[in-house]
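Working notes for the structure below.
The values are calculated or read from the model by the stated rules, or taken from the named source; none is laboratory data. Only a predicted model underlies this, so the values are computations on that prediction, with no experimental measurement involved. All Cβ positions, glycine included, derive from the backbone under ideal geometry; neighbour counts span all protein chains shown.
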C-alpha cells in the first residue's frame, strides 16, 4: 500500500487547499481579496513541504524495485493496478526534482497572479496524478491518470481568467481529449486481441495472440501513437502547445512543457515497449509513419519557433520540436536510440524548465513577453541570462552540456538501425533543427548581453532569490549531467537492455 | 401470491395519481407529502418486488383469448423497474422546488405520478401486446406534461412529439401483429419467439417487419431521422425533460427495442441481414449527428436533449449488435446514462429556475454564484465524456468491448463513432463549465445578484446522483455481472 | 315455436306503424313516444338475441305462415339480433343527444316529422338486418334512403340552402346506388328464378357448379356491390358525405354516419354470404376491387380531413376513411377479415356518434362556429364534451383500451393471414392511416385544450356550460364512452358472437 502514499498524499493536500479556497469564496460571497502575507507564507510552507515529502516518498517507493499494488477493480479483468519499475524510477525522479524546484519558484512568482490557494491546490494534485501515471502498472490505470492529468492541469491554463486563457484552455482540453480518445480506441482494440494489458518489459504480444489480427492491431497502435502523441506535441495534434503556454503562469508553463508533455512520451513508451513490443512494429508501416511524423514535427517546430516573436510561444514551439527528437529516438527502435530518447527526455525536462523559468522572471520583473524587448536584459539580470545561456547551449547540443550527449545517442541510434533512407535523413533533420534552435535561442542571448546600438537599456533590479536559485540548480543540472553522465547512461541502458 | 405486487406497483401510482387534484388537502405542504408519499411507497414496493423476484405471471385483463395485458418480472424488466424506482422519488422531490411558481400544479403532479405507473407497466409487461398498450399510454400521459406551459412553443412541441410517437407506434404495431400471428407464444422469450425452421420461407418478410418495428419503437429513442421531436420537447418543465426525456420515455423506447430484438424476433433472424446493416448505419450516424447538433445548439436544455439523442443511440448500438455482450453494453448504458443525464438536466433546470436564463452565452460567471450546481454539472459532464472512474466510461467500455468482439467493419466504425461523440461531448459540456467559472477577467458579478444555489430539495438529488455516478464507475462489476446473467439467457 | 321468435316481426311492425302515430302527436309527446318505442324494440331484440344464443342456431320465420316462394321470410341469427340491438341502442342515444339542436334548428311545426323519419329509418334498418328476401331488402333500402333524405333536409332554420343541396346530392347518389342494386337483383332473379336468399344460394351454387351464365352472374355481383358501395359512401362515391353529415342537425348526422351506411354494408355482407356464397365471391375478384378502393378511401379520406377547416366536415371525412377500413376488411376475402369489418362497424358507429355529439357540444360553446380557431379552449368551456371528444379521437387513432385499437388489431391479424401483396398494402395503409388520423384528431384535441384567455372569451361571447345543462348530450356521451371502453377492453364475447353469427350464415 505504500505505493499509494505518494500518489494520494499530494492529491489530498491539494484538495484541502481547494476546499479551503472554495469555502472562502462562499464566505466572502465571491468578492476576491488577496491573501494576506501571513496566510500566504502558510500556504507556501504547506505546499512546498507537501511537495518535498511526497517527492521523497515517491523516490523512496521508486527505489523499492518491484513494489506493486491493486487499488480496486473497475471490472474483474480491469484492475487499477500500480507497479514500480526502473522506468518509473527514472521518470519519478526528474518529475519530482522539477516539481520541487518550480514549486519554490512559484512561491514568489505567483504573487503577481491571483488565487494562490487554487494554484497550489491544483499544483499538488497534478503532482500526485503524475506520480500515479508514472506508477501505473497497466494500460487502463495509465489511461485513468492520463485523463485526470488533462483535467487537473487545465486550471493552470485557465488561471488568469482572461478570454484568451479560456480559449486556450478549451483548445488544450479538446486536443488532449482527442488524443485520449484515440488512445482509448487503441486500448479497446488491445483489450480484445492482446493477451494482457499489464505492462511487461519487451511487450506482451506473442505470435499466437496477433495472428490474423495484425492489421487492426497496427491501426490501433498507430492511433495510440497519434493520440498520446497529442500530449507530446507531435504533429498533427500539436497546435494546443503554443496556445496554452503563453497564457498560463510561467511556473505552470514550465511544468506543462517539461513534464506533462513527457507524460505523452511515457505513455508511448509504455504502449510500444511494454505492450506491443518493439519487434511487433519494427519494419511495419506504423514505424515509418511514426518516424515521418516525428521528423516532420522536429523540423516544423524549430522553423515555427524561429519566426515566433513572443518569447513563451517560441519556447513552446521549441518544445514541440524537441519532444519529437525523443519520439524519433523511440521510433527507430534500437537500443541506442532508446537510450538517447530517455536521456533527451530527462535533459529536455531540465533545460526547458530552466528556459521557462527565465521567461517567467522576465515577465515577473520586467513584464516583457516579446523577444525583441529583451535588448540588454543581461545588464540587470546577469545570473538569469547566464543560466538561460547554458540551458540554450544544452538544447542546441553543444558539448559539454547534456543535450550533446542525448543527441549523439539519438543520431547514433538512427544510424545503427536498418530503416532505409531514414538512417540518414533522420540525423540530417536533427542537425538542421539544431541549427535552427541555435538561431532562435542564441539570438536572445546575444541581444541580451550585447544590445543593439541605440536601444535604451532599462534597469529592472535584481531577481529574487527564490527565483534564481531553482534556475541555477536546473542550469547546473544541465551542465553537470553533460559532464558526468555515466551513472545516468548506465541506468538507462539497463532499462533499454530489458526491452530489446 | 407474490405476483400480486406487480399490478399493485403499476396501478397504485395511476389510481392515486388520479386523486391528486381532488384530495381535500389545503396546504401546499400536505399535498407535497401526499405526492411524495405515493411515489415513495410505489418505489419501495417496486424495490421489494425486485428483491422478491416473483416468477409467476399476473393477467390484468384480456382483450381476447390470446390477447391480454399481463405482467411478469424478468431480468431486463428488473433493470428498467430499478431505474424508474430509484430515480422517480428524487425527481419528484426536485420537481417540488422547480414547480413552485408554476400553474396547474395538481394536474402536473397527477400526470407525473401516473407516468410512473405506466413506465413500470412497460417494464413489467409480459408480452408484446401489453407492452404496446403501456407504450401508447405513456405517450398519452406524458402529453399534458409537455404541453404544461401552454405556450405556443409548448403546443408546437407537443404536436410534434405526438405525431412522431404515434406515427412510430403505428409502424411498431405491424411488428406486434406479426409476433402475435407467427410467434410460438406472445410472451417475451429470451432469444425470440419465432420458429425459424418452420418459417423459413417467410424470412425476408419477417426481416422487413422487424425493420419497420424497430424503426417504429426507435422513434421514442430519437434515432435519426426521427430525432427532431426530442430537442423540441425541451420546452417542457425541467423535471419532465429530465425524467421523461432522459429516463422514462426515451428509455421506454430503448427498452422496447431490446424486447423486440432479443425477446421477440430474436437475434438469429436479423443477424447479418440488410436490416441490421441499415439500422446500424443509422444508429452510428445518429451518435455523431446528435453530438454535432448539441455543439451547435445554444439553448442549454436543447443542447442536453441533443446529447440525449446521441447517447440513446449508444444503447441502440448495443442492441443492434445482436450479441449477448451487446445487450450487456446496452443495459449498462441504459442505467448509467439515466443517472448522468438526469443529473445534467437537473443542473440545467436549477440554473434556469434560479437565474431565468436559457442560453449558454448567458451563463458567464454563474459558476461562482451557484458553485454546487456547476460542480455537479461538471461531474456529470465528465461522466458523459467517459472519464475513467465515472460510470460513463464503464458503459463505453462495455459497448466497445461488444463491438470489437463482433469485429465487423461496421462495429468498429461504431466504436470510432463512440469516441468521436465522446470528444464532441467534451466540447459541448466543458465549454459551459469553463464559461461559468471563468467569465473573463473583468466580469461584473453584480449582474448576477440574487442568483444562488437551490435548496436541499434540489441539492439532495444532486448529491445522491454524484455518488451514484462515481460508485457505478468505480465498482461496475456487480452490474455487469447482473447484466451478463440476463444476456446469457439469450445463448 | 316459441313466442319470442315473433319479436323481430313485431319490432318491424311496431316501428313502421308508429310513424303515422308520430305525425299526430305533439312534439313533446312524439319525443317521449319515440324514446319508449326504441326502448321496447331494443328489449324485444335483446330477448331475441338471448334466445338465439341459447338455442345456438338460427331460424327462419315465415310471415303469415305462407311458405316460399309466395310468402315472405325473416331469418334470425345471432349476428342479426346483435346488429338490431346495437342499432336500437345507438339510435336511442343519438336521438336523445340532439334535443337542444332540434329545438333550435328545426321549425316548430316540423319537429314531429323528425320522429317519423327516425321511426322509418329504424324500421328499415331492422328489416334490412333480418330479411331473408332480397326484394324486401330492396324495398327497405328505398325506405331507408328516403327517410335519411328527410333527416338531412329537415334542418332548415340555419343553412337552409345547404341542407337542401346536401340532401339532393345524397338523393341522387343514393338513387343511383339503388338503381344498380335493383338491376342486380333483377339479374339474379332472372338467373335463379327466386327471391328468397336461401333458394337463390342453392340455385347459384348450381350455376357455378355447372359453369353456366358466368358473365351475367359476375355482372350481377358487380351491380350489387357497386350499388351498395355507392350508398355506403365508399371512396370515390363519397362526395355527398361531408355536406350531408356536416350540415344536417346533430341527431341526423350521428344517425347517418353511425348507422345508415352501416346498414347497407351489413346488407352487402349478407348478400355475399347468404345469396351468392362467399366462395363464389372470392372467386369473382370483386373483393379485390373493393379492397383497393377501401385502401384508397382510408388514405384519401384522412388527407381530405386534414385539409378541412370545419370540425364537423372533418369528422365526416374521417367517416369516409373508416368506411374504407371496413371495405378493406371485406376485401381481404377471409372470414377473419369479415369479422374485423363487422367489429369495426360496431366500433365506428359508437365512436363516430360520440365524436359528432361531442363536437356539437364543443361548437355550442363557441357560438356555433365550426372553424378550428373558435374552438380554442372549448374543452374548458364544456368539460364533458372535451373529454368525450378526446376519447373518441383516441379511439379513432387506435389507442389501446379503446374500441378502435381492437378493430385495428383484428384487421391487422386478418391481413397477416392473406397473400403477401394484400398483407403488405393493408399493414402499410393501416400504419399510414393511423398517422394521418393522429394528425387531424390530435391536432383538434390539442386545440380544444389550449386555453383562450378570459377576456377574448368574453369578447366573443363564448359561454361555459356544465353537463347538467344539456342532460341528453351528457347521457349520450357517457354511454358512448362506456361502450367504447367495453368494446375496447371486453371484446372477446362480442367477437365470439360475431363469429358464431357468421358461422350461422354459412
What tally of residues in segment A:301-317 results from selecting those that are closer than 19 Å to residue A:231 by Cα and under 19 Å from the mean Cα position of the chain (by Cα)? 9
Among residues of segment B:124-150 being over 19 Å from the mean Cα position of the chain (by Cα) and over 23 Å from residue C:434 (Cα atoms), the residue farthest from the other protein chains (Cβ to nearest Cβ) is B:126
Restricting attention to segment A:271-286, does a residue exist that is within 25 Å of residue A:97 (Cα to Cα), in a helix (DSSP H, G or I) and in contact (Cβ under 8 Å) with a residue 60 or more places away in the chain? no
Does residue C:390 fit the bill of being in contact with a helix residue (DSSP H, G or I) (Cβ under 7 Å, 6 or more places away or on another chain), at pLDDT 90 or above and surrounded by fewer than 24 Cβ atoms within 10 Å (Cβ to Cβ)? yes
Go through B:372, B:393, B:437 for me and flag whichever is touching a helix residue (DSSP H, G or I) at 6+ places or on another chain (Cβ under 8 Å) and more than 9 Å from chain A (Cβ to nearest Cβ). B:372
Can you find a residue that is within 10 Å of chain B (Cβ to nearest Cβ) and buried (at least 21 other Cβ atoms within 10 Å of the Cβ) anywhere in segment A:205-222? yes
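Looking only at segment C:445-477, count every residue that is touching a residue at least 24 places away in the same chain (Cβ under 8 Å) and more than 11 Å from chain B (Cβ to nearest Cβ) and tell me the total.
Residues in segment C:445-477 being touching a residue at least 24 places away in the same chain (Cβ under 8 Å) and more than 11 Å from chain B (Cβ to nearest Cβ): 17 in total.
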When residue B:30 is evaluated against the numbered criteria (1) within 20 Å of residue B:141 (Cα to Cα); (2) surrounded by fewer than 14 Cβ atoms within 10 Å (Cβ to Cβ), which criterion, by number, is the only one it fails? (1)
Output for segment B:467-481, where each listed residue is buried (at least 18 other Cβ atoms within 10 Å of the Cβ) and more than 10 Å from every other protein chain (Cβ to nearest Cβ): B:468, B:469, B:472
Check segment C:448-460 and report whether any residue there is surrounded by 20 or more Cβ atoms within 10 Å (Cβ to Cβ), part of a helix (DSSP H, G or I) and outside the structural domain of residue C:96 (by TED's automatic domain parsing). yes
Select from segment B:442-462 the residues that are surrounded by 13 or more Cβ atoms within 10 Å (Cβ to Cβ) and either away from chain A (no Cβ under 14 Å) or not in a helix (DSSP H, G or I) (or both) and list them in ascending order. B:443, B:451, B:452, B:453, B:454, B:457, B:458, B:460, B:461, B:462
Can you pull out every residue in segment C:207-254 that is more than 14 Å from the chain's Cα centre (by Cα) and assigned to a loop (DSSP other than H, G, I, E, B)? C:211, C:212, C:213, C:235, C:236, C:237, C:238, C:239, C:248, C:249
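A quick yes/no check of all residues on (1) touching a residue at least 24 places away in the same chain (Cβ under 8 Å); (2) over 21 Å from residue B:314 (Cβ atoms); (3) surrounded by fewer than 24 Cβ atoms within 10 Å (Cβ to Cβ):
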{"residue": "B:176", "(1), (2), (3)": "yes, yes, no"}
{"residue": "B:184", "(1), (2), (3)": "no, yes, yes"}
{"residue": "B:199", "(1), (2), (3)": "no, yes, yes"}
{"residue": "B:208", "(1), (2), (3)": "yes, yes, yes"}
{"residue": "B:223", "(1), (2), (3)": "yes, no, no"}
{"residue": "B:241", "(1), (2), (3)": "yes, no, no"}
{"residue": "B:245", "(1), (2), (3)": "yes, no, no"}
{"residue": "B:257", "(1), (2), (3)": "yes, no, no"}
Out of segment B:1-54, which residues are assigned to a loop (DSSP other than H, G, I, E, B) and free of Cβ contacts under 8 Å to residues at least 40 places away in the same chain? B:1, B:23, B:24, B:25, B:26, B:27, B:53
Going by what's in this entry, would residue A:81 be described as outside any helix (DSSP H, G or I), in contact with a strand residue (DSSP E or B) (Cβ under 6 Å, 6 or more places away or on another chain) and either at pLDDT 85 or above or surrounded by 17 or more Cβ atoms within 10 Å (Cβ to Cβ) (or both)? yes
Please specify each residue of segment C:412-429 satisfying the condition of being without any contact (Cβ under 8 Å) to a residue 60 or more places away in the chain and within 23 Å of the chain's Cα centre (by Cα). C:412
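Listed here are the residues, each with its yes/no results for (1) closer than 29 Å to residue B:68 by Cβ; (2) in a helix (DSSP H, G or I); (3) assigned by TED's automatic domain parsing to the domain that holds residue C:463.
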site: C:338; (1), (2), (3): yes, yes, yes
site: C:344; (1), (2), (3): yes, yes, yes
site: C:350; (1), (2), (3): yes, yes, yes
site: C:361; (1), (2), (3): no, yes, yes
site: C:380; (1), (2), (3): no, yes, yes
site: C:385; (1), (2), (3): no, yes, yes
site: C:400; (1), (2), (3): yes, no, yes
site: C:437; (1), (2), (3): yes, yes, yes
Could you check, for segment A:173-188, whether at least one of its residues is more than 21 Å from residue A:238 (Cα to Cα), part of a helix (DSSP H, G or I) and facing chain B (nearest Cβ under 7 Å)? yes
Quick check on segment B:402-411. Is at least one of its residues surrounded by fewer than 16 Cβ atoms within 10 Å (Cβ to Cβ), modelled with pLDDT of 85 or more, facing chain A (nearest Cβ under 9 Å) and within 22 Å of residue A:192 (Cα to Cα)? yes
Just one listed residue, out of B:482, B:465, is at pLDDT 80 or above, within 24 Å of residue B:349 (Cα to Cα) and in a helix (DSSP H, G or I), and it is B:465
For segment B:66-78, enumerate the residues that are assigned to a helix (DSSP H, G or I) and crowded, with 23+ Cβ neighbours inside 10 Å. B:76, B:77
Of C:300, C:259, which residue is assigned to a helix (DSSP H, G or I) and either modelled with pLDDT of 90 or more or touching a strand residue (DSSP E or B) at 6+ places or on another chain (Cβ under 6 Å) (or both)? C:300
Can you find, within segment C:416-427, the residue that is nearest to residue C:327 (Cα to Cα) among those that are more than 8 Å from chain B (Cβ to nearest Cβ) and in contact with a helix residue (DSSP H, G or I) (Cβ under 9 Å, 6 or more places away or on another chain)? C:426
